[in-house]
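The values are calculated or read from the model by the stated rules, or taken from the named source; none is laboratory data. Keep in mind that what you see is a predicted model, and the values were worked out from it rather than measured. Note: ideal-geometry Cβ built from the backbone for every residue, glycine included; neighbour counts use all protein chains shown.
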Amino acid sequence: MHLTDSAEWRRLAVRFGLPLLSLIGSTPSRAADVTLAIIGPHEYDLPVDFKPFNVLVQYGDGNAAGSYYNSSGQRKPGQGSHTWAGMTKYVHFRTFEAIPHVGFAFEIIQSESYSLANGTNSGGLGPTIVGPAAWFKPNSHSTFGFQTFMQTNSGTREGLTPGYWSNISSFIFDYEWKHFSFDGDAGTVTGSTKHKKGQNPSFPGVVFYTNLRFSWKATKLIEPFLAFDWQNVTGTHDFTLHRDIADSNSREATMGLGVMFNIAPDLSFTARYSHSVDGRNVPESNAYYVKFVYLWQ
């Protein structure tokens with residue numbers, strides 16, 4: 001494969017891969033978000049046997065949560081908030097002659113966040129996320145791989161500081177038809193002991209998540225898609241009280257519609273709207289997502 005080929009550049013510009021969403025702990029007044037919910041179609045349609053190249057990605061999402069799901073899974077009004085988040089990501093893609101037909105990537109991601117709730121607002125930089133990914137192609141139409149990342153335990157403000165290190169790992173896949181594509185991921189998030197000022201030491205709940213995207217290749221420039229995101233978080237364990245914190249477990253499922261615009265061989269833009277269809281102990285998602293991709297050698 002030669003990246004000087006304009007068609008290949010166009011293909012790679014929309015298949016940059018492997019985004020993550022900052023996992024800052026949510027509160028009833030702060031909208032939650034499913035891990036990796038930012039991904040779009042072709043997210044994991046990745047090449048092998050290529051020359052090294054680089055990708056810069058800017059993600060953005062906003063959520064206007066006017067309701068929340070209680071511990072019985074009932075949707076209730078109130079506890080609204082507006083949140084905006086972003087991630088700036090640099091990715092280096094490469095292969096190794098000693099490991100043929102396998103692709104590798106290393107990422108560094110800086111998260112940003114701003115929230116408005118109950119008449120107060122705050123914003124700043126959240127944790128930094130770093131880590132590798134690797135994949136292979138069982139055949140010319142499919143991709144399968146694994147990614148694992150570490151998220152730091154601090155941000156520029158207390159509300160943006162998780163207070164613990166975490167690992168975000170998942171299996172990734174993609175399958176391409178002539179007019180359609182299907183891809184996604186499934187994984188977990190595990191953390192170390194959480195230490196926050198004024199709180200007992202605790203063990204954060206384990207996150208299980210999946211994100212699925214099904215798209216229609218309407219034209220070379222426009223690609224509508226459907227999105228499904230789900231996660232389940234186990235309860236937080238208080239080490240001082242030797243018990244799980246009440247109603248600290250949560251669940252959410254969302255459905256969404258979006259469109260990808262392949263603007264130029266090295267540029268793409270994706271937009272999507274998603275809303276909760278099920279939840280427990282979590283603010284609803286009433287969210288929009290955008291991402292901008294620039295690719296260069």
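Tabulated results
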item: Breaking point among (1) over 21 Å from Ile168 (Cβ atoms); (2) in contact with a strand residue (DSSP E or B) (Cβ under 6 Å, 6 or more places away or on another chain), for His237; result: (1)
item: Condition check for Ser169: under 30 Å from Trp216 (Cα atoms), buried (at least 19 other Cβ atoms within 10 Å of the Cβ) and either of a type in the set (Ser, Thr, Tyr) or at pLDDT 95 or above (or both); result: no
item: Residue tally, condition among the basic types (Lys, Arg) and surrounded by 15 or more Cβ atoms within 10 Å (Cβ to Cβ), over the stretch 66-92; result: 1
item: Hits in the stretch 97-154 (condition: of a type outside the set (Gly, Ala, Ser), in a strand (DSSP E or B) and under 21 Å from His195 (Cα atoms)); result: Leu125, Pro127, Thr128, Ile129, Phe149, Met150, Gln151
item: The stretch 141-166 residues that are free of Cβ contacts under 8 Å to residues at least 24 places away in the same chain, paired with ones that are surrounded by 16 or more Cβ atoms within 10 Å (Cβ to Cβ) and in a loop (DSSP other than H, G, I, E, B) (beta carbon under 8 Å, 6 or more apart); result: Met150/Trp165
item: Single unsatisfied condition, Ile99 versus (1) among the aliphatic types (A, V, I, L, M); (2) farther than 23 Å from Val207 by Cβ; (3) within 14 Å of the chain's Cα centre (by Cα); result: (3)
item: Among the candidates Glu252, Glu284, Glu223, residue that is acidic (Asp, Glu), under 24 Å from Ile172 (Cβ atoms) and under 18 Å from the mean Cα position of the chain (by Cα); result: Glu252
item: Any strands (runs of 3 or more DSSP E) falling wholly within the stretch 189-265 and containing at least 1 residues that are in contact with a Lys or Arg (Cβ under 8 Å, 6 or more places away or on another chain); result: 222-233, 250-264
item: Some residue of the stretch 240-256 being buried (at least 18 other Cβ atoms within 10 Å of the Cβ), among the charged types (D, E, K, R) and in contact (Cβ under 8 Å) with a residue 40 or more places away in the chain; result: yes
item: Test: residue in the stretch 101-115 that is free of Cβ contacts under 8 Å to residues at least 40 places away in the same chain, hydroxyl-bearing (Ser, Thr, Tyr), in contact with a strand residue (DSSP E or B) (Cβ under 7 Å, 6 or more places away or on another chain) and within 25 Å of Asp49 (Cβ to Cβ); result: no
